[in-house]
Amino acid sequence: MQNNSIQVKGLQKSYNQLHVLNSVDFEVEQGSIFALLGSNGAGKTTIVKILTTLLKQDGGTATVNGFDITSKPDNVRQSISLTGQFAAVDEILTGEENLIMIAKLRHLKNPHQVTDNLIKRFGLTDAANRRVATYSGGMHRKLDLAMSLVGKPQLIFLDEPTTGLDPEARLEVWKIVKELADSGTTVFLTTQYLDEAEQLADQIAILHEGRIIASGTLAELKKLLPPTKVEYVEKQPTLEEIFLAIIGTKEAK
Amino acid sequence: MEATKKHFFSDMNVMLGRSMRHIFRSMDTIITVTIMPIGFMLLFVYVFGGAIQTGTDNYVNYLLPGILLIAIASGISYTSYRLFIDVQGGIFERFHSMPIARSTVLWGHVLSSLVSNALSVVVIIVAALMMGFRSSAGVLPWLAVASILMLFTLALSWVAVIAGLSAKSVDGAGAFAYPIVFLPFISSAFVPTESMPPIVRAFAENQPVTAIVEAIRALLSGQPVGNDIWIALAWCIGITIVAYIFAMRAYKKRV
Ligand SMILES: Nc1ncnc2c1ncn2[C@@H]1O[C@H](COP(=O)(O)OP(=O)(O)OP(=O)(O)O)[C@@H](O)[C@H]1O
Ligand SMILES: [Mg+2]
């Protein structure tokens, strides 16, 4: 059987003269959380768009859930869902209408049931009947994420899911991502935050100048560094810990 | 392929429902679209009308067909605006990453454009009735008028799709409509073409608006329509086909 949700070989992409992806190779194991790290403009979104059939590669091959992205795009779309870098929600509809719309487009039998469950799960009950235009940034993101979970796709792409969120909302997203992985969903996420990859990912790949320059588990990546020296330092709380302690969030350890 | 084709009508239904919600939640756009044509109608009937010799005793009757075309031409700028917002906002990409019949993403906008423009047309006809518009036409001629207006809207809606898909800014998405709004002024919509200088007259008599206006005017006043209706239909269908082809090209560039 197929053990890899994603298999990418020699992927290339240029925009006119700009070579964004030179030759990208990686594999994502089924049921794992895979984090693609890279700085601004590294090409993370480009990879996500190619794998979600929104953009055609110039060279190389990729299979998603066993389907070739070039020859079987419909099967790929059937088995994935995408939360893009920028919230893709309908501002004029209410949150509930957005979810029902997606459920109907996924041809589910019980769109209202699915919608109600997601609204509860994401704590959007009070806002469900308001137009999305009145939502805060964090609520937009939550709805966006909820829309991607409609229909329980096997593989979810999250392009910078926590950019622009406050620390509390960020932890909530992390929790959801972990739950997804626990229930067997494969998660492909991109991020610029090292700690996010560290917290969540089973596998990490670092994209730099059009190639994957390093990949593996966190432990494997740490081995690439020179052996650690033992030093004694007084541990200062991070600003994030202080912030969370003051606002008294339960998730804060 | 099979799976997505099978769902065409159900997907279409969802997309149309979504666009219709957009329209009914912004009824002010219907008002915005109708204000200018009604303003023109008032201006021409009560200010210029006395000086214009059309050979008819009721200038509102003469004017109405052109006014309706102006309303539709300005109405479709909202179609391209809404499509532009979809493309910019990312929901367009979300739809395209889903297993749906992709063409419904565009058809939803086109069909709802037909509905919203039909609403504007009704509002303007009501205003015209209050200003003295009268028609002796029966059900069949009215149906013919409705069909011509629908085809005209369909043609321009596909033009609007091109603009919505290829615009770089919100203003650009709407600006393409201005020249189309202007076309009725160089046609027989307001004054008979006989009064125009030769070059202008040649243009006016051979551009689509004149044929459409003449056909509608004849239908509403119970006159024989002659060739105008066929020329009008040919223009509408021709524009639809060409615009559709270019819209698909713009679409392929986007996805
Ligand atoms: N449609 C396009 N046309 C031309 N250049 C593009 C296009 N899309 C992206 N690029 C360029 O390709 C490069 C990679 O873009 P991409 O969006 O994939 O980066 P990213 O890693 O997602 O960055 P960020 O962290 O800022 O989201 C950038 O230099 C960008 O300017
Ligand atoms: Mg990006």
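Assorted remarks:
- Selection from segment B:75-101 of residues that are away from chain A (no Cβ under 12 Å) and buried (at least 22 other Cβ atoms within 10 Å of the Cβ): B:75, B:76, B:77, B:78, B:79, B:80, B:83, B:84
- Across segment A:81-97, a minimum of one residue is classified as of a type in the set (Ser, Thr, Tyr), closer than 29 Å to residue A:217 by Cα and in contact with a Leu (Cβ under 8 Å, 6 or more places away or on another chain).
- Those strands (runs of 3 or more DSSP E) of segment A:146-232 in which 1 or more residues are buried (at least 21 other Cβ atoms within 10 Å of the Cβ) and either at pLDDT 90 or above or within 16 Å of ligand 1 (Cβ to nearest atom) (or both) occupy A:155-159, A:186-191, A:203-208.
- A single entry from B:27, B:15, B:20 fulfils the requirement of being out of contact with any Pro (no Cβ under 7 Å at 6 or more places or on another chain) and more than 30 Å from residue A:74 (Cα to Cα): B:27.
- Selection status of residue A:133, more than 7 Å from chain B (Cβ to nearest Cβ), assigned to a helix (DSSP H, G or I), of a type outside the set (S, T, N, Q) and surrounded by fewer than 22 Cβ atoms within 10 Å (Cβ to Cβ): yes
- Among the residues of segment B:1-19, the ones that are more than 10 Å from chain A (Cβ to nearest Cβ), among the aliphatic types (A, V, I, L, M) and more than 21 Å from the chain's Cα centre (by Cα) come to 1 in all.
- Any chance residue B:181 is of a type outside the set (Phe, Trp, Tyr), in a helix (DSSP H, G or I) and more than 25 Å from residue B:53 (Cα to Cα): no
- The conditions of being more than 12 Å from chain A (Cβ to nearest Cβ), farther than 30 Å from residue A:109 by Cα and in contact (Cβ under 8 Å) with a residue 12 or more places away in the chain are not met by residue B:35.
- For segment B:20-31, the set of residues classified as more than 10 Å from every other protein chain (Cβ to nearest Cβ) and surrounded by 15 or more Cβ atoms within 10 Å (Cβ to Cβ) consists of B:20, B:29, B:30, listed by residue number.
- Condition check for residue B:55 on (1) part of a helix (DSSP H, G or I); (2) farther than 30 Å from residue A:92 by Cα: one failure, at (1).
- Yes/no for residue A:115 being crowded, with 21+ Cβ neighbours inside 10 Å, over 16 Å from residue B:91 (Cβ atoms) and at pLDDT 95 or above: yes
- Complete set of residues in segment B:184-196 that are surrounded by 19 or more Cβ atoms within 10 Å (Cβ to Cβ) and either of a type outside the set (A, V, I, L, M) or outside any loop (DSSP other than H, G, I, E, B) (or both): B:184, B:187, B:188, B:190
The values are calculated or read from the model by the stated rules, or taken from the named source; none is laboratory data. Worth saying up front: this structure is predicted, and the values here are computed from it rather than measured. Don't worry about glycine lacking a Cβ; one is built from the backbone with ideal geometry, like all the others, and counts go over all protein chains shown.
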